[in-house]
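The values are calculated or read from the model by the stated rules, or taken from the named source; none is laboratory data. The structure displayed is predicted, hence computed values, not measured ones. With ideal geometry, Cβ positions are generated from the backbone for all residues, glycine too; neighbour counts draw on all protein chains shown.
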Amino acid sequence: MTATDDVKKWISEFVTKPNPVFGNLPPCPFAQKAILEDKVEFLELDGVADYATLYGHIFNFDFEEKDVLCMIAQPDQFTADETVKLAEDLNGYFMRHDIVVLEDHPDIKESVKDIQLNNGTYILFLVQSLTKLNKFSDILRNTTDYYKNWDPNYEKEVTGPWRRPAK
């Protein structure tokens, strides 16, 4: 099984399945539609990928054609700190262009209640439109119980002011 196959399996078996912790919505309520409409591009990074490689893939990605770029790295390619720093540095450039980079590293545990959100196997860089991400977060916040069980500090860490930079 390739890394892409493994990530797709995790998405189909967990990310897109309704869960009571998220108000009976999936952990990522919009992922299934994006997958079905072929709006997610999966890209396995080689062992020498670095900031310039990630930057190039994002810069050349067609966000009009697809909604999400999912870059997959082996779990030992970057440390947790390096992964976070890469995402921060990429966001430092791309957020002003309405693009956000979210990271997932096996050594950074992310959970709501007792539900672990990260895939736990690979490093992921999920890249998408900041405006669309915030729009869908606002819909979930204002019309569902999706965030009801989130720790307020974790919710702020994930969806807080950093995702709404000054124009």
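The residue of segment 92-110 that is surrounded by the fewest Cβ atoms within 10 Å (Cβ to Cβ), among those that are within 13 Å of the chain's Cα centre (by Cα), of a type outside the set (Asp, Glu) and under 17 Å from residue 58 (Cβ atoms), is 102. Counting the residues of segment 20-67 that are under 27 Å from residue 112 (Cβ atoms), out of contact with any Pro (no Cβ under 9 Å at 6 or more places or on another chain) and loosely packed, with under 15 Cβ neighbours inside 10 Å gives 4. Taken together, 15, 7, 84, 21 contain a single residue that is β-branched (Val, Ile, Thr) and touching a Lys or Arg at 6+ places or on another chain (Cβ under 9 Å), which is 21.
Quick check on residue 94: is it of a type in the set (Phe, Trp, Tyr), under 25 Å from residue 135 (Cβ atoms), touching a residue at least 24 places away in the same chain (Cβ under 8 Å) and assigned to a loop (DSSP other than H, G, I, E, B)?
Values: of a type in the set (Phe, Trp, Tyr): yes; under 25 Å from residue 135 (Cβ atoms): yes; touching a residue at least 24 places away in the same chain (Cβ under 8 Å): yes; assigned to a loop (DSSP other than H, G, I, E, B): no.
When the stated conditions are applied, residue 94 does not pass them.
Within segment 35-47, the set of residues being within 19 Å of residue 122 (Cβ to Cβ) and either over 15 Å from the mean Cα position of the chain (by Cα) or modelled with pLDDT of 95 or more (or both) comprises 40, 41, 42, 43, 44, 45, 46, 47.
Give the residue, chosen from 3, 73, that is in contact (Cβ under 8 Å) with a residue 40 or more places away in the chain, farther than 29 Å from residue 141 by Cβ, under 15 Å from the mean Cα position of the chain (by Cα) and surrounded by 13 or more Cβ atoms within 10 Å (Cβ to Cβ). That would be 73, the only listed residue that is in contact (Cβ under 8 Å) with a residue 40 or more places away in the chain, farther than 29 Å from residue 141 by Cβ, under 15 Å from the mean Cα position of the chain (by Cα) and surrounded by 13 or more Cβ atoms within 10 Å (Cβ to Cβ).
Which of the residues spanning segment 59-88 are under 19 Å from residue 161 (Cβ atoms) and either aliphatic (A, V, I, L, M) or touching a Leu at 6+ places or on another chain (Cβ under 9 Å) (or both)? Selection gives 84, 87. The number of residues in segment 113-132 that are under 22 Å from residue 56 (Cβ atoms) and part of a helix (DSSP H, G or I) comes to 1.
For residue 87, the conditions (1) among the aliphatic types (A, V, I, L, M); (2) out of contact with any helix residue (DSSP H, G or I) (no Cβ under 6 Å at 6 or more places or on another chain); (3) assigned to a loop (DSSP other than H, G, I, E, B) are fulfilled apart from (3).
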